[in-house]
Every structure is written in structure tokens, then in C-alpha cells.
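Below is one structure, written out as C-alpha cells; the observations come after it.
Just so it is clear, none of the values below were taken in a lab; they were calculated from the coordinates. If you're wondering where the values come from, they're calculated on a predicted model, not measured in any experiment. FYI the Cβ positions are ideal-geometry reconstructions off the backbone, even for glycines, and counts take in every protein chain you see.
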There are 2 protein chains.
Amino acid sequence: MSHGARLKELRERLGEIHDLRRAGWLLSWDQMTMMPPKGTEGRAHQMATLDKFAHELFVSEEIGQLLDGLSDHEAGLDPESAEAALIRVTRRDWEKARKVPPELRGEMTRAEVLGVPAWAEARKDSDFEAFLPHLEHHIELKRRYIECYADSGRSAYDILLDDYQEGARTEDVTRVFDRLKEVVIPLIREVASAEPVDTSFAHGHFPVEKQELFGREIIERLGYSSESWRLDPTVHPFATSMSINDIRLTTRYSEADLESIFHTSHEFGHGIYEHGIDPALERTPLVELNSMVLHESQSRLWENLVCRSRPFWRYFFPKVQELFPDQLGDVPEEAWWRSVNKVEPSFIRVEADEVTYGMHIILRFELEQEIFAGRLAARDIPEAWNVKMKEYLGLDVPDHAHGVLQDVHWAGGSFGYFPTYLLGTVASVQIWERMRADLPDLDSQMESGEFTPMREWLGEQMYRWGRRFTPDEMLERIVGGPFDAEPYLAYLQSKVEAIYGVRV
Amino acid sequence: MSHGARLKELRERLGEIHDLRRAGWLLSWDQMTMMPPKGTEGRAHQMATLDKFAHELFVSEEIGQLLDGLSDHEAGLDPESAEAALIRVTRRDWEKARKVPPELRGEMTRAEVLGVPAWAEARKDSDFEAFLPHLEHHIELKRRYIECYADSGRSAYDILLDDYQEGARTEDVTRVFDRLKEVVIPLIREVASAEPVDTSFAHGHFPVEKQELFGREIIERLGYSSESWRLDPTVHPFATSMSINDIRLTTRYSEADLESIFHTSHEFGHGIYEHGIDPALERTPLVELNSMVLHESQSRLWENLVCRSRPFWRYFFPKVQELFPDQLGDVPEEAWWRSVNKVEPSFIRVEADEVTYGMHIILRFELEQEIFAGRLAARDIPEAWNVKMKEYLGLDVPDHAHGVLQDVHWAGGSFGYFPTYLLGTVASVQIWERMRADLPDLDSQMESGEFTPMREWLGEQMYRWGRRFTPDEMLERIVGGPFDAEPYLAYLQSKVEAIYGVRV
């Protein structure tokens, strides 16, 4: 077989695997947004079957033989070319996926299927004991999973991180997070002693239909179009895509406030990243944006750096006033901007402001390391959790629903995921600063509702590459260096100073 | 391997194939109802891949070996048992599917993918010449398909029919249809000479939201529940199901009239049949209701025999009056009932009334036979079509969009499908008469909005069995005999006499 024929064969197989996976994503999207409740059982079978075949086809000997046969060809390619990247990424994923025995994979899937509803029940009753056996089982399975990579020479937690951020090292993450703690913990204390921000006008009655209209108006300005996107309501907002031209956002509306704006713009950030990938990479592993850090950098960038900025509200606040004249007609723009940037320690991560958010993540990151270093037993997690909440945010956790049971991640067996949220936030400010240097008119563009230059810059520098580079390489290409806490800290300090008149 | 182990293995494989197929159904439903327009290309790949794997897995040697190994076991089973039916149905489908070479299957799929959009364009422009090459290609491929079954001893058209109605024979269909022609053609002429029915009040402005509300109210009374069903708007109404407890109906709303009621109740009929299958048959070929005739018997039964009946409107007309008081407040119930049963020859099959509908089908059935007997070339179909329209309905076809180009079926390569619509309608009245004999209070139940006894009777007699019997056996079990045109003709005559005062 010629190189050309091998490559064609590889592309065809990978294309079909991609089709099965994206079909699975649609089934999942449908389950969250459309499916009647009693469809659950049939859907679980369908998703398991799609996952099984996609996995079996991918880890097959045939893929390995094609990759082997392409080694010579690959050696002669420009390593930065899409073709070289395709072979390299496929080989990496193939070697990684084959190390996990099908039985363990099956057990992990079953544990997830059972763990998530058990967690949902336990959270409702704030009953950690009910969830504990599932948590213990997940940890046990993850230990066995880590053992599959014993010959990699990587630490247990590095192996967990790698599933969400290829090549991430615990020590690098720790260095960034430790630096954040040095500034953020005292900053939170300073804010606590400052004059509180008035947000009374931001609570009231905001009909969902109007919020939906306004949310759409915002993201249409940012780059959403019904030609290639959908936006639907759901309980837990998320974004997914069936293809580069089929992007599905979901958001959550509460009649009591306008938080939906930030859910919607957050998910828009995920969506625009997927939508911006070079169409030539479609149906290959190079459209699988597996760096949760880079993904999160875009959701946080559009949610926070864009939609919580002064220039953004210079353009949009008159529109929101027009839509809700009774509640916001008399509110000054500055007061509104302060209200959407209020800093206040709270129990729930997904409701946290930009300053306190990081501490929620650092807490989880530290606990996960303790667990997999064998120093923290599952049953002792709640106590450790509550101690850290007191230390970092000064809060006494009232019950487990407001503490250790709040997130779904561990219930689904995801350990090592949380740090990507904060790393992504750190990266978002590095990317923002770099973009601002290239686009000196950024603020005035935003003030006039013009987001195209910004979207195009991000598309050109980042989105279009898909997975052609490793996450570290990609960050290096965009910002010229590795993770750096300083731009993020400077951004937080400056915002806190503007609103609360304090800094550290 | 023991029989038990073989059966378990067979069930597992068939379950996975079922999962892939139903996942494909979801992708298709999503494409029609939810998908952003530019998602088409990715979706086409995903659907083709799911179809390919489901087919490959099914026609595999492994399935054949499992079936062979189960022959002895099968011989000892009660042939009416679910287990015997599973083995028998699977063997039949397997043997049938293997006769078609993958290349021909692939060509037919491609011809469908290309043919449908080409037809949509051609219909828009009423341009038969533009569609002709696709039609010729489909006919050529179907001839090759028919040759795959040359050793079956069946006629070409019998082979086509079998794809939509297992075991159907052209001569039986012809016998029923010829009898219908004897009565229906003169009946249409009689109606044409009678006093026309006033339907002016049924045309006006009926806001879609109210129609949707009312449509839901109706089908909830009939047996729809949001626990296991959805109803969404679409261009061409259809019903599908992801599982017994995940039934998806779609319907079409026009602000100008209340026709949506009949689309919705028609699709409800399809849905309730799928929903009523014994859950023990889930994820096996026995939930694949492949008799289009039996399926259509239920859509027509709920649409026509229920929703166009006097007792139905005795209950629902006051509600529709309340909802649209300006248009219908002063209309007598009897006038409304007459209006929804108006008989008038028209060009478009899907808009035809109960009396003229049959002639649209018979026309297509006769042309299809001529085509596959080699007596009618594709390019001569329009003329033959128009001649028959004149003969059967007295109409001069103004253009091909109102004639030969109106239906999607031939564009997708479906020949032999049309007769199932009329056979289903014939069967619906046979089933209805049998049910009425068992439920003497049927009319008074409907008058008081009580449809449970009826739904339960149909569930018990028909729905729960899924595909455990052949279509002929199933009809025999329900009504005690084969297709019989007389009950349907008596029903039409009686309705026409009540409304128009004529009969033949």
C-alpha cells in the first residue's frame, strides 16, 4: 500500500469514528434538552453502544498498522503541517487509549452511569454517606486507571491531568496556583472590609422571553448565527457541536436576575472556538479540542473579559435598560457595571465571582492531590473541604449540598478536571493582553458593538488551528510563553481597585 | 456454545444494531426539527456511517452462525412465542439483507442522497426534465435490486412491495384496489353533482399558538403524555421513535385553517402504535414495525375514524369554539363536521379527502407496475400520470409540481410504498368495525372524551405484539380475515350519503 493509500484509509477510518462520536454527542445534547424523561433507559443503551464501537474501531490493530506504515512518510513531513499533526495526534491517542483494558473502561462507564444519579439524589438530601460508596468506587477505579500508565514515569496526578490537558504537569499548575493564593486570599479579605457594592436593582422580575431575546441579541453581535448555531434552555448550561457548522449552546434563565447573560456568553465562548476551526480538519482528530484549558480560556474570555467589561456595557446597557425600563431605567451605567462585577465569597463554585472563583478551584485541586497521594480517604473529604472553605473564603459550610456534593465531576469519575477551569481563566487574560497589544482599538470597538476584529484575531491566532499543536505549543504560539499568573492578577487587582478602592 | 448462550449473544448483537439504527433515527429527527441548516454536510456523513455499521454488523457471518446454531432449539419452540419469532424474523431479515451486494446498497444510498435535493429543486421549478436522469437512475438501480431476488420466484413488483409489507402479493392488492375503483370513481362523480359543502368558516386566521395548544389537548386525551412523547413543528409531518418510551411526533401549522389537527392526530396514530409495543421486545427486531400497512392503518384510524367522526366533535367542537369564538362561535356542530369531511377532487395526494385519496394511490400503484413491467419509460410517466388524473378525478394537471413531481418517494428510490397507504386505510376500517363489535359503547365513550377503552383494545389486540407475527397473520388475528374493501366502501358510502345525500 502506498503512503497516499494508507493516509486515505486512515482518514476514512478516523472519519467514521468521528461520525460515531459526534452522533453520541447529539444523543447527549438531546437527552439534556429535548428527550422525554422516560427515554433515559433506551438512550443509555444507545450511547453506550456508540461509545463502544467508536472505541473498538479506534484501538484496533488496523489503525496501528496504518500508523506504523506511515512512520517513514511522517519523518519527511514538516512537523507543523496538518498531515504530520494528524499522524502524530492519532498515534498519541491510539497508544494512550490501548493501555486501558476494555473491562476497566466498561467498569468506569458503568460507575459513571450509576454514580451521577446517586449523586443527584445525595445532593438533594445533602447526604454524603449515600454518595460515599460511589466516590470510593470511582477513586478505586481511577487508581487502577493510573496503573495502566505506570510505565510513563509520570505522577498519579499528572496522569489524571493529562485526560483534560495533554502534557500538563502538576508542578507547573501548583506554581501558578500558589502564586494566585499569595494575592487572591488577602485580596478577598481586603474586599470584605470595603464598602459593599449595591446590586439591589439587579434582583427583581425579568421575564424569560425578554432575557432570551436579549441573550440572542448579544451573541448575534458576538458572532452567533442561526445558520450554524442553536441556543436552548437547560438546567446546567453547556456547549457542544455536531460539526463545525452545527454548534449547540444551552443556557439557564432565572426570572429573578439577568445571570443568564453570563451563562450564554460563557457557552458562546466554547461555541465560537469549535466554530472557528479550519474546515479542512473536519472529521479528523484535529477537530477534537481536547485541551479543556484552552477551551475554558475562551468561555472565560467571552464571559468575563468581554461581557463584564465597561466597554461592553457602554454599548449594551442602554439596550438592557430599554428592555427592562422599570428595573433598570434609572440605574447609572457605572452602577450596573459594578453590580455585575461584585466580589463576595459564596459556597457554590458556578455562582462565584471572578476573584473568589479561583479559590474554589484551588481547594478542589489540593484535595484531589491528597486523595491520589493516599493521604486523604474519601470519607474524610467533607471535613477537609470545610476546613479549606473557612481558610480560603472565610465561610462555614452549612451542609454538604453547599459543600462537597455541589459538583457533578467526581460523581462521574472526573478527577483532574477542575484545575483546567482556573488555568483557562489565567490563560484567558494572557491571550486578552496579547490581543489588546495587536488591536489597540479593542475598547472603542467594543463600545460601538463591534466584535468582528476581535473574533477574527482569535480565529486567526487560535481557533483555526484546532488540535494541530499541543496545548503548551498553542499557548506559546499565541502569547509567546507558558502559563503566567501575573496578567490575571493585575487584571483582578485593577478591577477590585476600581470598584472597591482596595488592593494588596 | 449452549442454546442459552447463543440466544444471549444474538440478543446482545441485535440490541447493539438496534441502538445504532435508533441513533440514526434521532439524527434524522434532529435534522428535520432542530439542526441549523449548515449542519447538513456533517449530518449526512454521520447518518451514512451509522447506517453502514448497523448493516455490516447485521449481515455478518456471526449472526448467520448464531442463527444456524439455534435451528434445533427453534424447532422445539412454540412458533407463536416471542423467542421463536425473534429467531424467525431475524433469519428472514438476515437472508434478505445479504442478497444485496454492498456496492448496490451504496449506490442506492448515494442515489437517494442526490435524488432528493434534485427533486426538491425540480419540483420548485415544475421541471420534470431536470429530475428525469435521477428517476431513470433509480429505476435502473431498482431493477438490479429486483434481480438480487430472482431465485425467489416472485414477480418484480412483489419484490418491491415486500420492502414495505412483508409477503404482500400484487394480485391481492390489485383485487382490493379494483373493487375500490368500481365504487369510488362513480361515487366521486356523484358527489361532484351534489350540493357543495360550505367550508368558508374553516378558513380565516387561526393563530399557531392556539392551534398547538388545542392539538396537544386532543392528543393528550387520546393518550399522549410529555413523559414519553414530544410534539414539534416541521415542514413535512412525520412520527418516529427512539424507544418505546421516546415517541416523537411532528406536525405542520397553517394560520389559515385548522388542518394541523388532522396532521397531529395522524402522527399520533403512528406514535401510539410504537408506544404500545410490549417493552419485553425492546432492542430486538420485534420492535421494528416494518409493516407500513399496519402502521398506516393506525395513523388513518386515529386521523379519520376518530378525529373526523361525529362523536369526536361532539366532545371537542365546543372546545374549539371556545378557542376561536370569532371564527367558529356561531357555527353549528353539524356544519363543522361536514366541513372536515368535505369531498373534492384535488391535485395533491397529502391534501386529499377520504374519498378521493384512494384514487391518488391507485394511480401511482398502476404506474409503478407499468414501469417495472417495462411498459412505461420514465420519460413517459408525466403523460400517463395526467391521463389517469383526468380519468379518475376529472382533473387537468396544470404543471408537474401538481402532478408527477409532488411526492418525495420516487426521488428517494421508494417504489412499492404508495399502495401501503391505501391498504392501511382499508385495514383501518376493518379493525374499526371489529373494535366496535367488541366495544358497543365506543361512540358514547368518544362523545364524552373517553378514549382509554379504545386505546387499550388496540393495544391488546395489535400494538403489544410488535412484529411477532407477519402482517397477514396480524390482520387475521385482529379482524379474522384478509384485506377486505367492503367495510371501507360501506364507511365511505355512509359518510357521503350523510353529507351529500348521494350514493352508488
One checks the Cα atoms of region B:1-98 and finds Rg and Dmax, in Å, of 16.8, 55
Here the FRET efficiency for A:ASP78 versus B:LYS96, based on Cβ atoms and R0 = 35 Å and rounded to 0.05, is 0.10
Measuring from the longest principal axis of the C-alpha atoms of chain B, the long axis of helix B:102-125 (C-alpha) lies at a number of degrees, nearest 10, equal to 20 degrees
FRET efficiency (A:ALA498, A:GLU456; Cβ distance; R0 25 Å; to 0.05) is 0.30
Partner shielding of A:219-226, as the mean number of partner chain Cβ atoms within 10 Å, equals 1
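List, in the order given, every pair from B:LYS96/B:LYS181; A:LYS52/B:LYS99; A:LYS210/B:LYS124; B:LYS181/B:LYS319; B:LYS124/B:LYS390 whose Cα-Cα distance in the structure shown is over 31 Å.
On the way: B:LYS96/B:LYS181 34 Å; A:LYS52/B:LYS99 28 Å; A:LYS210/B:LYS124 38 Å; B:LYS181/B:LYS319 38 Å; B:LYS124/B:LYS390 23 Å.
Beyond 31 Å between Cα atoms: B:LYS96/B:LYS181; A:LYS210/B:LYS124; B:LYS181/B:LYS319.
For chain B, what proportion of DSSP beta bridges, expressed in % and rounded to the nearest 5, is antiparallel?
Expressed as a percentage, antiparallel bridges in chain B total about 45.
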Distribution output for the protein assembly as shown: share of Cα-Cα pairs per 10 Å bin in percent, first bin at 0, values 2, 9, 17, 21, 18, 15, 11, 6, 1, 0
With the label set 7 Å along Cα→Cβ, B:THR174 is separated from its counterparts in the other copies, in nm and shortest first, by 8.6
Partner shielding of B:18-27, as the mean number of partner chain Cβ atoms within 10 Å, equals 6
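Between A:ALA5 and A:SER71, what FRET efficiency comes out of the Förster formula 1/(1 + (r/R0)^6) with R0 = 22 Å and r the beta carbon distance, rounded to 0.05?
0.90
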For peptide B:6-16, the mean count of other chain Cβ atoms within 10 Å per residue Cβ is 1
Normalised per residue, the volume inside the convex hull of the alpha-carbon atoms of region B:314-404 in Å³ amounts to 127 Å³
Ratio for region B:199-280, C-alpha Rg to 2.2 N^0.38 Å, reads 1.13
Correct semi-axes for region B:218-325, from √(5λ) of the alpha-carbon gyration tensor and rounded to whole Å with the largest first, are 26, 14, 13
For region B:126-264, the Cα-Cα pair-distance distribution in 5 Å bins from 0, as whole percents, is 2, 7, 10, 9, 9, 12, 17, 17, 12, 5, 1, 0
Two pseudo-spin positions, 7 Å from Cα along C-beta at A:ASP438 and at B:ARG436, lie apart in nanometres by 7.6 nm
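Over all directions, how big on average is the projection of the convex hull of the alpha-carbon atoms in region A:267-322, in square nanometres?
Its Cα hull, projected and averaged over all orientations, spans 4.8 nm².
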Its Cα gyration tensor gives region A:257-378 an equivalent ellipsoid whose semi-axes in whole Å, largest first, are 32, 25, 10
Of A:46-56, A:225-235, B:220-230, ordering from highest average Cβ density within 10 Å down gives A:46-56, B:220-230, A:225-235
Taking alpha-carbon centroids only, region A:210-232 lies from region B:259-303 a number of Å equal to 37 Å
One can check that the equivalent ellipsoid of region A:99-206, built from the alpha-carbon gyration tensor with semi-axes equal to the square roots of five times its eigenvalues, has lengths in Å, largest first, of 37, 25, 12
Taking the label point 7 Å from Cα along the Cα-Cβ vector, the copy-to-copy distances for A:GLN65, listed from shortest in nm with one decimal, are 1.9
Quick calc: nm separation of the 7 Å Cα→Cβ label points for B:VAL350 and B:GLU476 -> 3.6 nm
Taking N as the residue count of region A:432-504, its alpha carbon Rg divided by 2.2 N^0.38 Å gives 1.32
Taking chain B and counting helices only, DSSP H stretches of n ≥ 4 at -39,500 (n - 2.57) each over all residues, the nearest-500 ellipticity at 222 nm comes to -20500 deg cm²/dmol
Rounded to the nearest 5, the percent of antiparallel DSSP beta bridges in the protein assembly as shown equals 45 percent
Rounded to the nearest whole number, the per residue volume of the convex hull around the C-alpha atoms of chain B in Å³ is 150 Å³
Using alpha carbon centers only, region A:30-58 is separated from region B:485-504 by a whole-angstrom value of 49 Å
